[in-house]
């Protein structure tokens, strides 16, 4: 993490702490963990709340083509930083709940969504809206990957059940500040759950 990334992140956090999941950008260990099941074969990828682009960089290192990557960022400062840092990646300055209304991939369903949003800081209605929008874009066997600093998945069981989803623990890294766990959210009907 560069000093400039940390400063941009902290400035955003001070402006609107409920919209930023952490006070510091995620580290490389978390980026590696949250992207480890994704490759170029996954197809189009959407990243929600990419912040300074730590997960974006990890996705590109895993072989995801820039033209197959769409970053959805609500903060105008982060969106501008991402456009400069990743000029061949599509960056959309928008709310993640509007994801399903934009026809992002011209009929090609998304293979995976990587979520850097702070669900624990959001109203439950907003979490539900984000998940619904993401799964409306995902192909039937697609998954959403998210991280949390909490002891359990940041999406409540009742929300998962209402959307016919399940959370599967992927792993935990202690090499992040603070330590974090990653979960894969997928449709129950497609995985026999």
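Every listed requirement among (1) in contact (Cβ under 8 Å) with a residue 12 or more places away in the chain; (2) closer than 29 Å to residue 175 by Cα; (3) touching a strand residue (DSSP E or B) at 6+ places or on another chain (Cβ under 6 Å) is met by residue 74 save one, (3).
As a summary of the residue check, residue 3 satisfies the conditions (1) more than 15 Å from residue 117 (Cβ to Cβ); (2) surrounded by 15 or more Cβ atoms within 10 Å (Cβ to Cβ); (3) at pLDDT below 95 except for the one numbered (2). Within segment 113-120, can one find any residue that is assigned to a strand (DSSP E or B), touching a helix residue (DSSP H, G or I) at 6+ places or on another chain (Cβ under 6 Å), buried (at least 21 other Cβ atoms within 10 Å of the Cβ) and at pLDDT 95 or above? Within segment 113-120, one or more residues are assigned to a strand (DSSP E or B), touching a helix residue (DSSP H, G or I) at 6+ places or on another chain (Cβ under 6 Å), buried (at least 21 other Cβ atoms within 10 Å of the Cβ) and at pLDDT 95 or above.
Between 99, 59, the distinction of being crowded, with 17+ Cβ neighbours inside 10 Å and under 19 Å from residue 165 (Cβ atoms) belongs to 99 only. Counting residues in segment 138-157 that are over 15 Å from the mean Cα position of the chain (by Cα), part of a helix (DSSP H, G or I) and without any contact (Cβ under 8 Å) to a residue 60 or more places away in the chain gives one or more. When each of 178, 140 is tested for being surrounded by fewer than 14 Cβ atoms within 10 Å (Cβ to Cβ), modelled with pLDDT under 90 and under 21 Å from residue 35 (Cα atoms), the lone residue that passes is 178. Can you name every residue in segment 158-170 that is at positive phi and not in a loop (DSSP other than H, G, I, E, B)? The answer is none; no residue qualifies.
Residue 64 falls short on exactly one of the conditions (1) in a loop (DSSP other than H, G, I, E, B); (2) at pLDDT 95 or above; (3) out of contact with any strand residue (DSSP E or B) (no Cβ under 8 Å at 6 or more places or on another chain), and that condition is (3).
The values are calculated or read from the model by the stated rules, or taken from the named source; none is laboratory data. Remember, it's a predicted structure, so these values are computed and weren't measured experimentally. A quick note on method: Cβ atoms are made from the backbone with ideal geometry, for glycine too, and the neighbour counts reach across all protein chains shown.
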